[in-house]
Amino acid sequence: MKKVNELDESSFLKLLFGFLTLCFLIAAFCMPDRSTMVSGLWQILSQPSKVSTNYFALGGYAATFLNMGLVALICTLLYVLLDAKANQVSTLAFILTLGFGSWGINILNIWPTIAGVVVYGLAKKEKQSTLVNAMLFSTGIAPLITDLMIRYPNAEVVGFHAGGILLALAVGFVIGFFLPAGLAASPRIHGGFDLYSAALPIGMTAFFLQATLFKTMGVALPAAPDAAGLKVASAMTVNTFCCVVFGLCIVFAFLMGCRPKDYWRLLSDPALVTNFSSTYGNATFLMNVGVYGLFILAYYNLIGASFNGVTLGIIFCMLACCNSGSHPGNVWPIMLGYVVSSMVFGRLSVLAGGTFTGAANAQAIMVGLCYANGLSPIADKYGWRYGFLAACMHYVLVTSVPTLHGGFCLYNGGFTAALICVILVPSLERFSRTKEDRLAAKAK
């Protein structure tokens, strides 16, 4: 295992991607409903996947794990076959896309936007190997692609038809073609404080397309998924799978030579670090994958989450930042901010005579917390109090943003995080000292 620790960053990350792919594929064949795996996968491919669609209810447990494993396999092959260099952004792109494999992405609806990115590379004469991250990020609008193929402009599913497929391909090409430019510009807008940087261009694109294809055309927006579907859940399945995967990561990290003090250095480093694997080494990074994964899982158990397909997915969507800035030490203030906000607004709603739906374990709030994790650089740079404040602001906005994109943007919470950065960060830069400034003043 020491030799694995000595691999270069890109090779090690590709090995990790392969490990996660294998875990999901093996899990699919371990599910009790594996006999309906193929028919369940077809249900996932042929039905709408707007936010938040529970694939456990739509296709079954085995089909969900199979879809996630195949999505992960496709992503891994893109990195390997195109000889792409994997880094911390690749980790985010891969695990995020994997996470959506249980509630929005499938092995069919990812291709039109990926093809658009490929065409962009050909037109700009850029190497395809440098565009794999963009290919994966482009899938954040996959639910719209499915809708265009199977029901647009109808409210109900009519099935795959030539017109819908051609429209989905055209829209996907356009999205993928222009996305790389948006990805390059996004950090200048949020200042690097939103780890889900791709959410801003994807969210704005979904906003524009929802307005164009539905609002302006006078086409009724299809209804959100039936909330009853979210009740199909299994705490034992999700907890067992996650404990095994994250536990193995911790064991492998120890075998690779990670010591407790190495991981403590990652947790306590006062600097704003956004590339764990290259800064602290493969073993310490892998330790963060395992520990942070179990930390996320523990949070969802503590708040009494329903462990449906969406919850399984958001555990990995939240874990996606494990190499680019997030760890238990800077995410706990964000979790605390969400819990406190749910309690405060629950009380205020009673006083105002409102109908409160924002409990910490409500599905929309759990999804929101997943992406509020992307604000961890604020807690890292300015301290836990400001991470707490950012989380409270995110809690307030996150359930209102879907009206902009009609439920077609999987990066809803990341888009919300970008808005919080635009509102909050300029004030912090003007009025607040960073953690490093405070430590330096204390040292004097």
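The values are calculated or read from the model by the stated rules, or taken from the named source; none is laboratory data. Quick caveat, the model's predicted, so the values are computed rather than measured. When we count neighbours, we look across all protein chains shown, and the Cβ atoms used for this are built from the backbone with ideal geometry, even at glycine. Ligands, DNA and RNA are stripped out before the accessible areas are found, and what is left, the full protein with its side chains, is counted by its heavy atoms. Shrake-Rupley method; radii C 1.70, N 1.55, O 1.52, S 1.80 Å.
At a glance:
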| item | result |
| --- | --- |
| Dipole magnitude of the range 125-235 about its Cα centre (Cβ charges: Lys, Arg +1; Asp, Glu -1), debye to nearest 20 | 200 |
| Highest average packing first - 348-354, 136-142, 22-28, 431-437, Cβ atoms within 10 Å | 136-142, 22-28, 431-437, 348-354 |
| The range 346-444: C-alpha gyration tensor shape, a/c 1.5 cut-off, then a/b vs b/c | prolate |
| The chain - charge dipole about Cα centre, Lys and Arg +1 at Cβ, Asp and Glu -1, debye rounded to 20 | 780 |
| Highest-fluctuation residue, Q88, Q43, Q363 considered, GNM on the chain with Cα pairs under 10 Å | Q43 |
| Within the range 264-299, backbone nitrogen closer than 20 Å to the virtual label 7 Å beyond the Cα of V244 toward Cβ | 289-298 |
| With every protein chain in place, the chain: carbon and sulfur % of accessible area (1.4 Å) | 67 |
| Cα centroid of the range 302-344 to Cα centroid of the range 87-122, whole Å | 22 |
| Burial order of peptide ranges 192-204, 242-254 (average beta-carbon count within 10 Å, highest first) | 192-204, 242-254 |
| Cβ-based charge dipole, the range 117-247, positive-most Cα from V119, T205, L195 | V119 |
| Heavy-atom accessible area per residue - the range 141-222, 1.4 Å, Å² | 43 |
| Links that overshoot a 24 Å alpha carbon limit, given the list K85/K125; K124/K215; K2/K85; K261/K381 | K124/K215 |
| Per residue value of the accessible surface for the range 303-399 (all protein chains in place, 1.4 Å probe), Å² | 31 |
| Given charges at Cβ of Lys, Arg, Asp, Glu: the chain dipole, positive-most of F137, L302, A283 | A283 |
| Over the range 119-255, relative contact order from alpha-carbon pairs under 8 Å, at least 6 apart, % | 21 |
| Percentage relative contact order, the range 305-444, counting C-alpha pairs under 8 Å, at least six apart | 27 |
| Relative contact order (%) - the chain, alpha-carbon pairs under 8 angstrom, separation at least six | 19 |
| Label point distance in nm, M343-K85, each placed 7 Å from Cα along Cα→Cβ | 4.8 |
| Estimated translational D of the chain in µm²/s (Stokes, Kirkwood radius over Cα pairs; 37 °C; 0.692 mPa s) | 150 |
| Listed peptides 404-410, 7-13, 170-176 by packing density, highest first (mean Cβ within 10 Å) | 404-410, 170-176, 7-13 |
| Separation between Cα centres of the range 216-264 and the range 385-444, rounded to whole Å | 23 |
